[in-house]
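These notes concern the structure reproduced below.
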Amino acid sequence: MVKSRLAMLLLVMSPLLAACGASLTVEVTTEGAGGEATPVANLEVQFLPYDRDSLFSALASDAGTPEPQVPADVQARLDSVQALQATWRDAEATWNDAREQLRQLSDRLGSVDRRSSEYRQMFDQFNGMERQERAANQTRQSAFQAFTDLQSIAQTQLDSVRAVIESWEDVAFADFVDVEASLLQALGQEVHFDTTDVDGLITRSLGGGDWWIHARVAAPAGELYWNVLSGGVDTLRLNPGNAEQRLVF
């Protein structure tokens, strides 16, 4: 029977969980506009006693037809969208820096005697910075327009691919709930859910042994996807460095 075979397969691949308790802290961060780590608050995180990716892979392998793939030309266009988005974000950061420098220089000008040579030098500097700010703003606007134009074209293509993939998934993963229930029963465990606090943190008491930690965060070109084995650590950090960038269908 397919369900029993898959449940046994995943049972063998699952970690042996001891009876003693353990505490695990999970920290979830994404990359802010300036490249800094930014906590993700109010995010649902799952603690699973099995590898969910292996379960989906087993179901996909057992499907009657292979999983549809995103066509190469669509993927190439999506890659170009991501590249244009990065260009726009860089231009946005450059413009914000120029605006901040302009603001600081304006504040300094207000405290300098207008009759002094220092004021004239600073005023010339202000005019030059103002020209830089305008140029940066034009670059930012052009980059954003290029990004949104190509994104619109890519989205139209992606919508047609989505229908094919979703139709396949409806059939291939139809038994997921039943297979997972059989697996959890065999393990004598359950899936735990929790939500990050304002600092992007969760601390849970779990059964001893390793757990797979699953979460996902919306990203401009899809989502950041985590399915990470805890590995017996006290604190597990989920960040863009150990996430998988996925398309959203």
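Residues with beta-carbon under 13 Å from that of Arg52, excluding Arg52: net charge, scoring Lys, Arg +1 and Asp, Glu -1? Write out the running numbers ahead of the final one.
Working: positive: Arg216; negative: Asp51, Asp53, Glu180, Glu244.
Local charge sum for Arg52: -3.
Just to be sure I understand the curve: with the Debye formula and one point per C-alpha of the chain, what is log10 I(q)/I(0) at q = 0.10, 0.15 Å⁻¹?
Computed log10 I(q)/I(0) values: -0.70, -1.14.
Exposed loop sites here are GluC sites (Glu not before Pro) in DSSP loop states with at most 15 other C-beta atoms within 10 Å. What is the longest stretch of the chain lacking them? Each step should come with its number before you reach the end.
On the way: sites that count: Glu36, Glu190.
Segment 37-189 is the longest.
Quick check: residue separation of Ser111 and Arg162 times 0.36 nm, minus the Cα distance between them. What number comes out in nm? Display every interim value, and only then the final one.
Values: separation 51, 0.36 × 51 = 18.36 nm, distance 5.97 nm.
The Ser111-Arg162 span can extend by a further 12.4 nm.
Taking the convex hull of the Cα atoms, report for the stretch 192-249 its projected area averaged over all directions, in nm².
Values: hull surface 18.8 nm².
Average of the hull's projected areas for the stretch 192-249 equals 4.7 nm².
Skipping prolines and chain starts, which residues have an amide H placed within reach, meaning under 5 Å, of the one on Ala37, given they are 5 or more residues away or on another chain?
Those qualifying (amide H under 5 Å, at least 5 residues apart or on another chain) are Gly32.
Roughly how many Å is it from the Cα centre of the stretch 39-112 to that of the stretch 136-189, as a whole number?
After rounding, the separation between the Cα centres reads 14 Å.
Once you put a point 7 Å from the Cα of Asp79 and another 7 Å from the Cα of Thr65, both along the Cβ direction, what distance in nm separates them?
My value for the distance between the label points is 2.7 nm.
All other residues with a Cβ under 14 Å from the Cβ of Arg89 taken together, and with Lys, Arg as +1 and Asp, Glu as -1, what is their net charge? It would help to have the intermediate numbers written out before the result.
Working: positive: Arg140; negative: Glu31, Glu36, Asp90, Glu92, Asp97.
In short, -4.
Which trypsin sites (Lys or Arg not before Pro) in the stretch 80-173 pass both tests, a DSSP loop state and at most 14 other beta-carbon atoms within 10 Å?
On the way: sites: Arg89, Arg99, Arg103, Arg108, Arg114, Arg115, Arg120, Arg131, Arg134, Arg140, Arg162; in loops: Arg114, Arg115.
Passing both the DSSP loop test and the Cβ count: Arg114, Arg115.
Label-point separation (nm) for Ala41 and Ser142, each offset 7 Å from Cα along Cα-to-Cβ?
3.9 nm
How would you classify the stretch 81-226 from its alpha-carbon gyration tensor, with a ≥ b ≥ c the square roots of the eigenvalues: rounded for a/c under 1.5, else prolate if a/b is greater than b/c, otherwise oblate? List each step's numbers first, then the result.
Numbers: a/c = 7.11, a/b = 2.09, b/c = 3.40.
Taking the square roots of the gyration eigenvalues as a ≥ b ≥ c, the stretch 81-226 is oblate.
Within a Cβ distance under 12 Å of Tyr225, other residues only, what is the Lys/Arg minus Asp/Glu net charge? It would help to have the intermediate numbers written out before the result.
Numbers: positive: Arg52, Arg216, Arg246; negative: Asp53, Glu223, Glu244.
Its environment carries a net charge of 0.
For the pair Glu244 and Ala72, what calculated FRET efficiency results from E = 1/(1 + (r/R0)^6), where r is the Cβ-Cβ distance and R0 = 22 Å, to the nearest 0.05?
Details: r = 20 Å, r/R0 = 0.90.
Step by step, r from the Cβ atoms, then E = 0.65.
Bear in mind that the values in this text are calculations on the coordinates, not laboratory data. Only a predicted model underlies this, so the values are computations on that prediction, with no experimental measurement involved. So basically every Cβ, Gly included, is an ideal-geometry build from the backbone, and we count neighbours across all protein chains shown.
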